[in-house]
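Data block below; observations after.
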Amino acid sequence: MNSKHIRLWDLPTRLFHWLLVLAVIGAVVSGQLGGNLIVWHGRLGLFIIGLLVFRIVWGLIGSTYARFAHFFPTPARLRAYLGGEWRQPGHNPLGALSVFALLTVVGFQAVSGLFSNDDIAFVGPLFDLVDKSLSNRLTGLHHLMANLLYVLVGLHVAAIVFYVRVKKNNMLRPMLTGSKEVEHGEDARGGGLLALTVAVLLALAAVYGASGAWLPEPPPPPAAEDIPAW
């Protein structure tokens with residue numbers, strides 16, 4: 001059958017993907033090593049929140065194949081894929097399930113980290129908005145869900161290797177170049193400068209809100225009482 005190259009993944013989608021990969025790796029490494037690196041763990045968490053908000057907005061107003069409506073895994077789409085009838089470029093329905101699962105877990109990790117504490121020196125930037133018991137529960141879930149994140153990332157990587165080695169479908173190249181050789185499909189459209197500006201501004205606003213910079217300064221500690229030198 002005749003095949004053609006189409007513009008599949010726009011540049012903002014590709015930048016989001018690879019920046020998220022690097023940010024998650026950095027967050028995992030800094031979280032595991034701890035110590036002074038825990039400060040960078042928190043900073044990377046804020047960066048991840050910005051990336052996720054950007055992707056959510058871009059999934060609504062971005063280009064064709066980046067939009068959630070294009071690849072949301074509905075039952076009909078899953079049946080079509082499992083029945084060998086799926087022909088659309090972009091994420092297939094099973095891949096879409098993996099994408100949404102990863103975004104959900106990474107999002108939970110980033111948000112729960114905002115309220116967490118380590119009972120030593122680190123507290124999340126929004127720690128003061130919750131009581132200590134809730135912070136402790138969120139901290140426990142933050143550590144627990146990290147294991148699920150490792151599993152999902154492992155499955156994601158295994159699926160990519162399977163497609164490359166077994167199905168001879170290189171899924172990495174389009175995420176690097178933006179184009180893909182397909183039998184069915186048209187060039188991606190939409191996601192222009194206005195959409196990009198809106199997505200970036202909302203992402204920056206989310207980072208500012210998550211940083212806690214808008215919270216009032218804590219009151220100064222009470223002055224020490226003078227002790228008579230008897």
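The values are calculated or read from the model by the stated rules, or taken from the named source; none is laboratory data. In this text, all values refer to a predicted model and were calculated from it rather than measured experimentally. Using ideal geometry, Cβ is built from the backbone for each residue, glycine included, and neighbour counts are taken over all protein chains shown. All accessible areas refer to the heavy atoms of the entire protein, side chains included, with ligands and DNA or RNA removed. Shrake-Rupley method; radii C 1.70, N 1.55, O 1.52, S 1.80 Å.
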(message) For region 182-219: of the residues being touching a residue at least 40 places away in the same chain (Cβ under 8 Å), of a type outside the set (Gly, Ala, Ser) and closer than 20 Å to Leu19 by Cα, which is most open to solvent (accessible area, probe 1.4 Å)?
(response) Leu204
(request) Go over the candidates Leu51, Leu97, Leu82 one by one and state the one that is surrounded by fewer than 20 Cβ atoms within 10 Å (Cβ to Cβ), within 17 Å of His17 (Cα to Cα) and either under 20 Å from the mean Cα position of the chain (by Cα) or modelled with pLDDT under 95 (or both). (result) Leu97
(request) List the helices (runs of 4 or more DSSP H) that sit entirely inside region 1-103 and contain at least 3 residues that are under 19 Å from Leu201 (Cα atoms). (result) 11-33, 38-61
(message) Based on this model, can you work out whether Val161 counts as within 21 Å of the chain's Cα centre (by Cα), without any contact (Cβ under 8 Å) to a residue 12 or more places away in the chain and assigned to a helix (DSSP H, G or I)?
(response) no
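Listed here are the residues, each with its yes/no results for (1) out of contact with any Ser or Thr (no Cβ under 7 Å at 6 or more places or on another chain); (2) modelled with pLDDT under 95; (3) more than 30 Å from Gly90 (Cα to Cα); (4) not hydrophobic (A, V, I, L, M, F, W, C).
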site	(1), (2), (3), (4)
Val153	yes, no, no, no
Val164	yes, yes, no, no
Glu186	yes, yes, no, yes
Pro216	yes, yes, yes, yes
Ile227	yes, yes, yes, no
(request) Tell me which of these Val111 doesn't satisfy, since it passes every other one: (1) surrounded by 16 or more Cβ atoms within 10 Å (Cβ to Cβ); (2) within 25 Å of Leu11 (Cα to Cα); (3) at pLDDT 95 or above; (4) under 18 Å from the mean Cα position of the chain (by Cα). (result) (2)
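Does region 29-45 contain any residue that is more than 18 Å from Ala121 (Cα to Cα), of a type outside the set (Phe, Trp, Tyr) and open to solvent by less than 70 Å² (accessible area, probe 1.4 Å)?
For region 29-45, residues more than 18 Å from Ala121 (Cα to Cα), of a type outside the set (Phe, Trp, Tyr) and open to solvent by less than 70 Å² (accessible area, probe 1.4 Å): absent.
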(request) Give the residue that is farthest from Gly209 (Cα to Cα), with candidates limited to residues of region 119-158 that are part of a loop (DSSP other than H, G, I, E, B) and within 23 Å of the chain's Cα centre (by Cα). (result) Phe122
(request) Just name the residue that is most open to solvent (accessible area, probe 1.4 Å) out of those in region 172-181 that are touching a residue at least 60 places away in the same chain (Cβ under 8 Å) and not acidic (Asp, Glu). (result) Leu176
